[in-house]
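Every read-out reported here was derived from the displayed coordinates using simple, explicitly stated rules and does not represent laboratory data. Note that the coordinates shown come from a computational prediction; the quantities given were computed from them, not determined experimentally. Using ideal geometry, Cβ is built from the backbone for each residue, glycine included, and neighbour counts are taken over all protein chains shown.
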Amino acid sequence: MPDIRFIQDIAVTTDDALIVVDLQTDFMPGGNLPVSEGDRIVRGINRILPLFRTVVATQDWHPKDHRSFAAAHPGKKPYDLYEAPGLGPVLWPDHCVQGTKGAGFHPDFEDDRATLILRKGYHRDIDSYSVLKENDMTTETGLSGYLKTKNIRKVFLSGLALDYCVFYSAKDAVAMGFEAVVIYDLSRPVASPPGHLETSLKMMEDIGVLFVMSETLLNGSP
Ligand code: VGL
Ligand code: ZN
């Protein structure tokens, strides 16, 4: 486990929101863009849902010819390095295509408890790792407005993947004036390209993102 400091003195309040990032079939083992142990966090996420009054569940939601797919670039393979405005640092296998089974939530995820389901990544030429802003770093998803309307100041993040959608969401949350807390044991990384996970963890620590284990939240401390 990397050298992360986990906070102990934290309790969920009614002004906090839980964001469940991309808990979708394609990101599970056996899916099109599998995240190792992605299925192992589903029960733990279900267990913390009742702690929150506001729960946002997001879905990566791509058109079938999305430019983040290696198949859209002749000669390229999934996970090849690729940088272009709004895309990269790698190309992906086709995943989370709108309306497909792989784009659906993991069947065990209790999505009935979500107060908002937010979709992102539907613009063909721009990816959206963050649930707040697309990768052009300008276009907002609308989630910030939703959270601010509900007077939410602190967001807890869980889901997939730790070094992509969770990381960029936490980064944007801080930049947009929220406190961001990553529930570390309820997230898993893609870990590609090499070094990306380590860089993203370090950057989150540097900008003040907090890390917590779900046990701490369930134990109702402090
Ligand atoms: C994600 C890669 C491509 C994620 C989405 O949800 O972290 N990763 N699209
Ligand atoms: Zn995607």
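Numbers below:
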quantity: MET203, MET176, MET28 arranged by Cβ crowding within 10 Å, fewest neighbours leading; calculated: MET203, MET176, MET28
quantity: Spin-label pair TYR146/ASP3, simplified geometry with 7 Å Cα→Cβ offset, distance in nm; calculated: 3.8 nm
quantity: Listed residue (ALA191, LEU116, VAL174) projecting farthest to the positive dipole end of the chain, Cβ model; calculated: LEU116
quantity: Taking the convex hull of Cα positions in region 103-222, its mean projected area over all directions (nm²); calculated: 8.6 nm²
quantity: Over 19 Å (Cα to Cα) - which of LYS64/LYS120; LYS148/LYS171; LYS77/LYS202; LYS133/LYS171; LYS77/LYS120 fall in this group; calculated: LYS77/LYS202; LYS77/LYS120
quantity: Percent antiparallel among DSSP beta bridges (both partners in the chain, rounded to 5); calculated: 15 percent
quantity: Point-charge dipole on Cβ atoms (K/R +1, D/E -1) for region 157-222, about Cα centre, debye to 20; calculated: 100 debye
quantity: Only Lys, Arg (+1) and Asp, Glu (-1) charged, at Cβ; region 90-133 dipole about Cα centre in debye; calculated: 200 debye
quantity: Magnitude of the charge dipole, the chain, Cβ model with Lys/Arg +1 and Asp/Glu -1, debye to 20; calculated: 360 debye
quantity: Estimated [θ] at 222 nm from DSSP helical runs (n ≥ 4, -39500 (n - 2.57)) normalised by residues in the chain, nearest 500; calculated: -4500 deg cm²/dmol
quantity: Relative counts (whole %) of C-alpha pair distances in region 88-163, using bins that are 10 Å wide; calculated: 14, 45, 35, 6
quantity: Evaluated over region 1-129, the Cα radius of gyration and Dmax, each in Å; calculated: 16.4, 51
quantity: Of TRP92, TYR146, SER130, farthest towards positive along the dipole that unit charges on Lys, Arg, Asp, Glu beta carbons give region 80-149; calculated: TYR146
quantity: Extension gain, MET213 back to ARG113 (0.36 nm per residue minus Cα-Cα distance, nm); calculated: 33.9 nm
quantity: Inter-part distance where region 98-167 and region 187-222 are each reduced to a Cα centre, Å; calculated: 17 Å
quantity: Stokes-Einstein D in µm²/s, Kirkwood radius over Cα pairs - the chain at 10 °C with 1.306 mPa s viscosity; calculated: 92 µm²/s
